[in-house]
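Rule-based calculations on the coordinates, nothing more; no lab input. The model shown is predicted, which means the values in this text are computed figures rather than measured ones. Neighbour counts run over all protein chains shown; Cβ positions are idealised from the backbone, glycine included.
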Amino acid sequence: PADRVTVIPHVVPDGALHRVEGYDADRIAMVARLHSKKRVKEAVRALRLVVDARPSARLDVYGFGYDDAYEHELRELVRSLGLDDHVRLHGFVPVEPGRTPYDGACVTWLTSASEGFGLSLLESMARGVPVVSFDTPYGPAELVGDGQGGVVVPFGDIEALARHTLAVMDDEGLRERLSA
């Protein structure tokens, strides 16, 4: 019976949708720990393609690392691709009331190998920041409608990730439509 069913939504910042006005057209946000499952290396490789077309672009990654081989390889990849000035690994950053890592970003990326539920996508869209995500099992295709809230690209396709990101960065009208 309907009176015995309750839907408990996922948490969004401030307990409600709150679109943040103003953004940096060069800034990509990513909330992911530094682990092979999150495929941050693929994000860095995609960023190289973005920076080739838009030299002012940068990627802010929020999430803790393990100070392990993956993290060291990731940092070396950033150096080897000449992206030291374009990638910032912020580590764990506590969310302040009324502020999130998504605020001010042009887009948010998700490149994980899989997700139980892509909460970072919902958090980003709740702040009015469109997402460009791999078609990761499970969630992105279900959370991001066809051109609503963002774009889902084939899993592992860093060229598509970069291309769609550049489209959003270069077209304020497209970003506005996805953000709404």
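What the table shows:
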{"read-out": "Cα gyration tensor, segment 9-129 - rounded (a/c under 1.5), prolate or oblate", "value": "oblate"}
{"read-out": "Dipole magnitude of the chain about its Cα centre (Cβ charges: Lys, Arg +1; Asp, Glu -1), debye to nearest 20", "value": "160"}
{"read-out": "Positive dipole terminus of segment 41-180, leading residue within PHE134, GLY150, SER114 (C-beta point charges)", "value": "GLY150"}
{"read-out": "Spatial separation of Cα centroids for segment 34-91 and segment 142-180, in angstrom", "value": "20"}
{"read-out": "The chain, helix-only ellipticity at 222 nm - DSSP H runs n ≥ 4, -39,500 (n - 2.57), divided by all residues, nearest 500", "value": "-9500 deg cm²/dmol"}
{"read-out": "Residue-span extension gain [ASP135 to ALA113] - 0.36 nm each, minus C-alpha spacing", "value": "7.0 nm"}
{"read-out": "Sites GLU172 and HIS18 - FRET efficiency at Förster radius 22 Å, r taken between beta-carbons, to 0.05", "value": "0.60"}
{"read-out": "Point-charge dipole on Cβ atoms (K/R +1, D/E -1) for segment 118-180, about Cα centre, debye to 20", "value": "140"}
{"read-out": "Point-to-point label distance, GLU73-PHE92, nm (Cα→Cβ direction, 7 Å offset)", "value": "2.4"}
{"read-out": "Label zone at LYS37 (point 7 Å along Cα-to-Cβ), backbone N below 12 Å, segment 101-128", "value": "112-117"}
{"read-out": "Mean Cβ neighbour count within 10 Å, used as a protection proxy, ranking 27-35, 79-87, 104-112 highest first", "value": "104-112, 27-35, 79-87"}
{"read-out": "Segment 32-96: chymotrypsin sites (Phe, Trp or Tyr not before Pro) falling in loop per DSSP and having at most 13 other Cβ within 10 Å", "value": "TYR66, PHE92"}
{"read-out": "Antiparallel %, DSSP beta bridges [both residues in segment 27-173], to 5", "value": "5"}
{"read-out": "Cα shape, segment 112-169, gyration tensor, a/c 1.5 rule", "value": "oblate"}
{"read-out": "Tensor-based shape of segment 79-119 (alpha-carbon gyration tensor, a/c under 1.5 rounded, otherwise prolate or oblate)", "value": "oblate"}
